[in-house]
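Each remark here refers to the structure printed beneath this line.
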Amino acid sequence: IRSGTANRQAFRRGKTRVLTILGDEQGLDFSGDRTALNTQKAQLDVCYVGWQPGDDLGALKERICQAITDPQGWDILFFAGHSNEAALVEGQIAIAPHTTLSIRELTPYLTQAQQRGLQFALFNSCSGLDIANRLVDLGLSQVAIMREPIHNEVAHRFLVQFLHRLAQYEDVQTALQNSCQFLKGQKALTYPSAYLVPSLFRHP
């Protein structure tokens, strides 16, 4: 782990803490993601933050930023929703209908989270190359993204497999590789080449 990423044991013990940001659900269904996370509650302490109909968008942005910088810190940052490559702002995530947050806007908050023990980020959303590059540049040791648009069902199937394998104490790289092999074996006819989309970025 790069020196910029803090040691988890310096901050907390016990269950792995996961901050889950649920973004704009238009065209998606997060119920499966919630179920997959809650199934691993013996190992994971999961906190959810996200948009609800009627939310003030300014307050939503503030709530997300405050959650990221929770003094207890997080081990994993998980985002589900829509995202896009946007080099000028280092990637962006859709947090509500017609509302995005750029990684550039989130950088100071992510830096604080990293200083409080954040080890890994997973963006179960489309086209995350700019996001991954920026987070690794910030010093986060491992970032998993979808490098291209991906169908909601495939993203969900991937998450279920990935979390299950992490719960079996596989490391992130091995869990991602085995989850992709599952997609290759089980979804090759329905979603050809989908197993090539999940990608792990890490320091050399």
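So here's what we get for this one:
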read-out	value
Centroid-to-centroid separation of region 162-186 and region 107-130 [C-alpha atoms, Å]	20
Under 17 Å from the Tyr109 label point (7 Å along Cα→beta-carbon), backbone N, region 133-153	135
Sequence-distant lysines (8 or more away, or on other chains) whose Cα lies within less than 19 Å of Lys41	Lys15
Label-point separation, Tyr191 to Thr174 (7 Å along Cα→Cβ), nm	2.5
Dipole moment magnitude, nearest 20 debye, the chain about Cα centre, only Lys, Arg, Asp, Glu C-beta charged	760
Accessible heavy-atom area order of Leu138, Leu37, Leu196, Leu57, highest first, probe of 1.4 Å	Leu196, Leu57, Leu138, Leu37
FRET efficiency, 1/(1 + (r/R0)^6) with R0 35 Å, evaluated for Asp137 and Gln52 via beta carbons	0.60
Inter-label distance, nm, simple model (7 Å from Cα along the C-beta direction), Lys184/His98	4.4
Label-point separation, His203 to Ala167 (7 Å along Cα→Cβ), nm	3.1
Within region 139-204: Cβ-based charge dipole about Cα centre, in debye rounded to nearest 20 (Lys, Arg +1; Asp, Glu -1)	80
Net charge over other residues, Cβ less than 15 angstrom from the Cβ of Ala80 (K, R count +1; D, E count -1)	-3
Inverse of mean 1/r across different Cα pairs in the chain, Kirkwood, Å	16.9
Amide hydrogen neighbours beyond the local backbone of Val46, cut-off 5 Å, H modeled	Val18
Stretch gain in nm, segment Arg63-Glu148, where the contour uses 0.36 nm per residue and the Cα spacing is subtracted	27.7 nm
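The values are calculated or read from the model by the stated rules, or taken from the named source; none is laboratory data. Computed from a predicted structure; not experimentally measured. Reconstructed Cβ throughout: ideal geometry from the backbone, glycine too, with neighbour counts over all protein chains shown. Heads up: the accessible areas ignore ligands, DNA and RNA and are worked out on the full protein's heavy atoms, side chains in. Shrake-Rupley method; radii C 1.70, N 1.55, O 1.52, S 1.80 Å.
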